[in-house]
Amino acid sequence: MSFDPRSLVYALRENVRKVIVGKDEAIELTLIALLCKGHVLIEDVPGVGKTTLAAALSRSLDCTFNRIQFTPDVTPSDVTGFTMYNTQTGEMEFRPGVVMTQILLADEINRTSPKTQSSLLEVMEEGQVTVDGVTHALPKPFMVLATQNPIDFVGTYPLPEAQMDRFFLRVMIGYPSIEEEMDVLDRYSGAESPLKSLSPVCGAREIIAMQEMVGTVFCSREVRSYVATIAAATRAHPSLQLGASPRGAIALVRAAQACAILAGRNYILPDDVRRMARSVLCHRLILSPEARMKGITAESILGQLLDTLPVPGAQR
């Protein structure tokens, strides 16, 4: 390769930081998902910068971009496209929906009906869309950046478990500190939003090359066993109705590989797995009704498991 993937990721991060203040962890997690061909669910309260983060990343990439604002009246055909009869040619032709792009911003995805939400299942898993029996491939790279408000907010529909499992990781942004908010007020006090000043840092060819590099990072048998043990422990936990799926375990290994690349290594350490576990697995875990009543969270359960399960290479 003619470029250093770490340098390119850092350049992307610095570009996004021109718009997003003090949220380096959220930015880096989003870039890790991009390296891993994954989709990101950005979840937090309104007004903390969910849509801005997605828009800043899209402006930093020289790729096609579409945005759809999910509302209760959005239909599956708005997302996937539809076929209609062309009176001039006498044939049925495909009219593409918003998913026919490289970067898709699905804004407030949990404000539309479960039927419309499910229209993204095939797209997110296989990078294609099937309409009236005809399959249409999406351009590469393809990434969904979905934002949502917490599910207990008015007018929201919880995402189906199958769709939650297709999000590579979940990003929480959180409120800024006082100093960070002062910086935000300063940047956005001008006549023009700093988002409009962003220019692309890299294009599709560089992204695909970086994505191919992730799969070359070595993962030892011990680390694979560690990931499988974590996944199995979530499935056996009494406070969880649904544990991590094999798709989740694969995503955790993939995320750890990207972490290793950013650290300048060609092999995974257990610390890479531990760092990515919460972002990759917690949104896939379904609490039992009793655990929800007690106020137990998926984050606390996974944290407990990570603290108690033996770590490869660590002294007992």
### Task
All but one of (1) in a loop (DSSP other than H, G, I, E, B); (2) touching a residue at least 60 places away in the same chain (Cβ under 8 Å); (3) not assigned by TED's automatic domain parsing to the domain that holds Ala33 hold for Pro238, so report the exception by its number.
(2)
### Message
Test of understanding: among Arg205, Arg221, Arg235, which residue is of a type outside the set (Gly, Ala, Ser), surrounded by fewer than 12 Cβ atoms within 10 Å (Cβ to Cβ) and farther than 29 Å from Tyr10 by Cβ?
### Response
Arg221
### Those residues of region 42-64 which are closer than 25 Å to Thr135 by Cα and surrounded by fewer than 18 Cβ atoms within 10 Å (Cβ to Cβ), in sequence order
Thr64
### Message
Given the criteria without any contact (Cβ under 8 Å) to a residue 40 or more places away in the chain, of a type in the set (D, E, K, R) and assigned to a helix (DSSP H, G or I), does Arg247 qualify?
### Response
no
### Summary
Exception for Met210 within (1) in contact with a Leu (Cβ under 9 Å, 6 or more places away or on another chain); (2) in a loop (DSSP other than H, G, I, E, B) falls at (2)
### Query
Checking Glu179 against (1) of a type outside the set (A, V, I, L, M, F, W, C); (2) in the same structural domain as Val40 (by TED's automatic domain parsing); (3) touching a strand residue (DSSP E or B) at 6+ places or on another chain (Cβ under 8 Å), which single condition isn't satisfied?
(3)
### Message
Checking the condition surrounded by fewer than 22 Cβ atoms within 10 Å (Cβ to Cβ) and over 18 Å from the mean Cα position of the chain (by Cα), which residue from Thr87, Thr101, Thr116, Thr112 passes?
### Response
Thr87
### Query
Taking Phe167 and the conditions (1) out of contact with any His (no Cβ under 9 Å at 6 or more places or on another chain); (2) assigned to a loop (DSSP other than H, G, I, E, B), which numbered condition does it fall short on, given that it satisfies the others?
(1)
#### Entry: Counted residues, region 122-153 - those being in contact with a Pro (Cβ under 8 Å, 6 or more places away or on another chain), more than 25 Å from Asp62 (Cβ to Cβ) and surrounded by 14 or more Cβ atoms within 10 Å (Cβ to Cβ)
1
### Task
Would you check which residues across region 187-207 are modelled with pLDDT of 90 or more and assigned to a helix (DSSP H, G or I) and list them?
Ala204, Arg205, Glu206, Ile207
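The values are calculated or read from the model by the stated rules, or taken from the named source; none is laboratory data. Keep in mind the model is a prediction, meaning the values are calculated, not measured. Neighbour counts run over all protein chains shown; Cβ positions are idealised from the backbone, glycine included.
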